[in-house]
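Working notes, structure below.
The values are calculated or read from the model by the stated rules, or taken from the named source; none is laboratory data. Owing to the predicted nature of the structure, the values given are computational and were not obtained by experimental measurement. Positions of Cβ are generated from backbone atoms using ideal geometry, with glycine treated the same way; all protein chains shown enter the neighbour counts. For accessibility, only protein heavy atoms count, side chains too; no ligands or nucleic acids. Shrake-Rupley method; radii C 1.70, N 1.55, O 1.52, S 1.80 Å.
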Amino acid sequence: MDFVEELKSRVDIVGVIGEKVRLRKAGANRYQGLCPFHQEKTPSFSVHATKQFYYCFGCQAKGDVIRFVQELEGIPFFEALKSLAERNGIPMPKRSHYTDDDTRQREALYQMHELAQQHFRASLAAPSGEIARAYLHRRGVRPETTEQFGLGYSDRNGHSLLRLLEHHGFTSAQFKDSGLVSQREDGSLYDYFRHRLMFPIHNESGKLIAFGGRALAEDEKAKYLNSPETPIYKKSNVLYNLHRAKDAIRKEDRVVLVEGYMDVIGVTAAGILPVVAPCGTSFTEPQIRIIKRHTNKIILNFDPDAAGNRAAEKYIGLLLDEGMQVRILQLDADLDPDEYCKERGAAAYLKQLDSAKGFFYWLADRARAKFDTKTTDGVVEVLKFLLPAVKRIHDRLERMAIANAVADYIGVDRGIVLDSFLKNVADRKDAALERPQELARVDEKGLLSVLLSDLQGRESLLADLENLDILDRLVTSRIYHALLGVYSTGSPITFDAVSSRLEPRDQSALAEAVLSEEIEGRDNTLEYGRQCLESLRRSGDQRRIRDLKVLVKDAERAGDTAGVMRLLKELQSLERSARVNP
Ligand SMILES: [Zn+2]
């Protein structure tokens, strides 16, 4: 067996996708969840456990397990292959046709990052790391936490990492792509990170892909410096600590978003695990979608300063657009999450988290602090301030509930708030991605499912299929012809083999047929396949009978007696067999 086929047969697609998308069992072999490839609020993304494919009824994203890893992680085919093999303990063949230049280059970048981390950690422990160790001590970071987060130190001399990478035989082209080394105008190279506390950044699968560095020199202008974008690091697709927090996020069905690396580390060290941060950039839609694959409940806990408030205000809108439930935690005594955990303890922080306000109360508080709600003008200003967020709530009932709650909260007549909110906001519906299309019959889908299953003796159905008059008139006719095409080559008839012979439109139709709820619960037995085939044949006969009746009338009108006789003979024989096999 080809290695790709072997890998696919040994990897459980539901397990792999289930790590990235919350799936629930929706049928015997069918799992469902929110599509990671388009924005939606009701699940139209399905995974078929036995036929080992995924398909989205909304955006028609589809494919096998390798395709899924490629698309979701944005990596080339061979890297997806390798990553799946590694995660499932399947040895990769050494042969060079199981890799390509792109994948080899990325592999070199991963290795350089691993080497860099070892180097930074060693430097932190070395005498030159004294300043960094003192900083960590001052911030109350325990040695085991330093270990857990793989913290390190990039020294001052500016070429020790460069020398190490050269020593390991990496080329200068590889350095430059890595983001770990920079180039002066005269062409000479130097370490990108110098005299900084180093935070390794991982992707969702736990692979080291970048670093963040905090300046240790007081006069350093850039307090935080992050790796530039590289072939393995796209800032807007990465959340700091997600690979560690993922399980807790799912278990608790919530995530805490904080601003910085030290906040994540402090909160995690206090034993509160579902916490992530954007990587030194602003929080973006792709990052929200990543979170949404694991939970739709988010608590924003930013620094209690003007910048933190502005950020929260901005992100509320983005989060509502993606259908997230948003709460805001504003800690008292002006502490950031890290400081709060250290000064007040984990239990106190947890209590704060549990009682975090819905975003609307937080916004109302902000508005109340700015405007005087005792005056009419003030009320108008408050409502104006709240309107952008209101507009982003899609559900009319939810909007009304919020209007009432806000009215009570700021002490304004409910009618006024409701009026203002309803007047300014048109109802929106989820953009339904409906496509007019001809529907396949249940027996067409049933027979397809039987023929694509690993069933002994299914070949016996194929001979009859080829002789089926109605075959060319079926909605799924091109799919059946592809299936017969695979059969004629002698290769095994599998979902993938048939799908790969089809145009994208028919690939979608095939996925939809196999995932159809109408055939759910039907065992893929020869007997069921035979029933479907019979039913198709009968409906073909019925159709022919209807056609013949019209033809007979035409022939009678034309005075074609011989034609009438011939047609009647066929008609009677079909009607007889219809009576015998109703
Ligand atoms: Zn989709």
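Values as computed for the structure displayed
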| read-out | value |
| --- | --- |
| Conditions (1) modelled with pLDDT under 90; (2) crowded, with 16+ Cβ neighbours inside 10 Å: number failed by residue 517 | (2) |
| Subset of the range 163-187 [touching a residue at least 24 places away in the same chain (Cβ under 8 Å), crowded, with 17+ Cβ neighbours inside 10 Å and not in a helix (DSSP H, G or I)] | 170, 179, 180 |
| Filter result for residue 483 (touching a Leu at 6+ places or on another chain (Cβ under 7 Å), buried (at least 16 other Cβ atoms within 10 Å of the Cβ), at pLDDT 90 or above and in a helix (DSSP H, G or I)) | yes |
| Residue among 390, 450, 406 that is at pLDDT 85 or above, touching a Phe, Trp or Tyr at 6+ places or on another chain (Cβ under 9 Å) and in a helix (DSSP H, G or I) | 450 |
| Condition check for residue 412: at pLDDT 85 or above, more than 18 Å from residue 398 (Cα to Cα) and surrounded by 15 or more Cβ atoms within 10 Å (Cβ to Cβ) | no |
| Matching residues, the range 46-61, being free of Cβ contacts under 8 Å to residues at least 40 places away in the same chain and within 12 Å of the ligand (Cβ to nearest atom) | 56, 61 |
| Evaluation of residue 76 against (1) over 12 Å from residue 17 (Cα atoms); (2) in contact (Cβ under 8 Å) with a residue 60 or more places away in the chain; (3) not aliphatic (A, V, I, L, M) (one fails), failing number | (2) |
| Number of positions in the range 330-360 that are surrounded by 17 or more Cβ atoms within 10 Å (Cβ to Cβ) and hydroxyl-bearing (Ser, Thr, Tyr) | 2 |
| Failed item, numbered, when residue 75 is tested on (1) in contact with a strand residue (DSSP E or B) (Cβ under 7 Å, 6 or more places away or on another chain); (2) away from the ligand (no atom under 16 Å from the Cβ); (3) among the aliphatic types (A, V, I, L, M) | (1) |
| Set 68, 3, 37: member being more than 25 Å from residue 524 (Cβ to Cβ), more than 10 Å from the ligand (Cβ to nearest atom) and among the aromatic types (Phe, Trp, Tyr) | 3 |
| Pairs, first touching a residue at least 12 places away in the same chain (Cβ under 8 Å) in the range 133-162, second part of a strand (DSSP E or B) and open to solvent by 20 Å² or more (accessible area, probe 1.4 Å), C-beta under 6 Å, six or more apart | 158/190; 159/190; 162/189 |
| Qualifying residue in the range 488-499 (condition: in contact (Cβ under 8 Å) with a residue 24 or more places away in the chain, within 28 Å of residue 31 (Cα to Cα), open to solvent by less than 20 Å² (accessible area, probe 1.4 Å) and not in a helix (DSSP H, G or I)) | yes |
| Restricting the range 306-320 to residues that are touching a helix residue (DSSP H, G or I) at 6+ places or on another chain (Cβ under 8 Å) and over 19 Å from residue 254 (Cβ atoms), the residue that is most open to solvent (accessible area, probe 1.4 Å) | 313 |
